[in-house]
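Peer 1: This structure is in structure tokens; I'll ask about it shortly.
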Amino acid sequence: MLAGRDRLARAEAVMVATVEAAVPALATARDLVERLHRMLRSRTSDALPAWITDVSASMLAAFGRGIALDQAAVRAALTEPWSNGPTEGCITKLKLVRRQMYGRGKLDLLRARLLVPASP
């Protein structure tokens, strides 16, 4: 249901059409998800208030309430160029090393394992 309509095989398109005809609320939810996806890909937040209004009357209402509660952060995430991806990558690496060391990952061991010694 979340795949792009143009990427569906004929049998999949028929199945999606059948499901959407049987459950109209699901078709509405799919359209709302596609609208949100377009906003994310185009990095524009102009349509966000209208999307929140529309989603409040759908089966995605709880998700929409969460977006509405932190609308400023969502708008910033859509429009600002910043990303915390590198930070999250470092945290993931640190957790991986700690797991590999079976809980012995205190600061001295982590320093020795993660930091490259300075060249003379």
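Peer 1: Just to confirm, what accessible area per residue do you get for the chain at 1.4 Å probe, in whole Å²?
Peer 2: Result: 76 Å² of accessible area for each residue.
Peer 1: Leaving ligands, DNA and RNA out of it, report the carbon-plus-sulfur percent of the accessible area of the chain at a 1.4 Å probe.
Peer 2: Carbon and sulfur atoms account for 62 percent of the accessible area of the chain.
Peer 1: Related question: Share of Cα-Cα pairs in the stretch 1-62 beyond 18 Å, in percent?
Peer 2: 42
Peer 1: Follow-up. Determine the relative contact order of the chain: mean sequence separation of Cα pairs under 8 Å and six or more apart, normalised by residue count, in whole percent.
Peer 2: 17
Peer 1: State the extension gain, in nm to one decimal, for the chain segment bounded by A21 and A61, taking 0.36 nm per residue of separation less the distance between their alpha-carbons.
Peer 2: Between A21 and A61, full extension yields an extra 12.3 nm.
Peer 1: What is the Å³ per residue value for the convex hull set by the Cα atoms of the chain?
Peer 2: Value for the chain: 221 Å³ per residue.
Peer 1: Would you calculate a helix-derived [θ] at 222 nm for the chain, using -39,500 (n - 2.57) for each DSSP H run of n ≥ 4 and dividing by the full residue count, to the nearest 500?
Peer 2: Calculated mean residue ellipticity at 222 nm is -21000 deg cm²/dmol.
Peer 1: With +1 on each Lys and Arg Cβ and -1 on each Asp and Glu Cβ, and nothing else charged, work out how big the dipole of the stretch 28-120 is about its Cα centre, in Debye to the nearest 20.
Peer 2: I would put it at about 700 debye.
Peer 1: Which Cα, out of A57, L94, H37, lies furthest along the positive dipole direction of the chain (beta carbon charges, K/R +1, D/E -1)?
Peer 2: Result: L94, furthest along the dipole toward the positive end.
The values are calculated or read from the model by the stated rules, or taken from the named source; none is laboratory data. Model, not experiment: these values are computed from the prediction. For neighbour counting, all protein chains shown are included, and Cβ atoms are generated from backbone atoms with ideal geometry for every residue, glycine included. Calculation scope for accessible area: heavy atoms of the full protein, side chains included, ligands and nucleic acids excluded. Shrake-Rupley method; radii C 1.70, N 1.55, O 1.52, S 1.80 Å.
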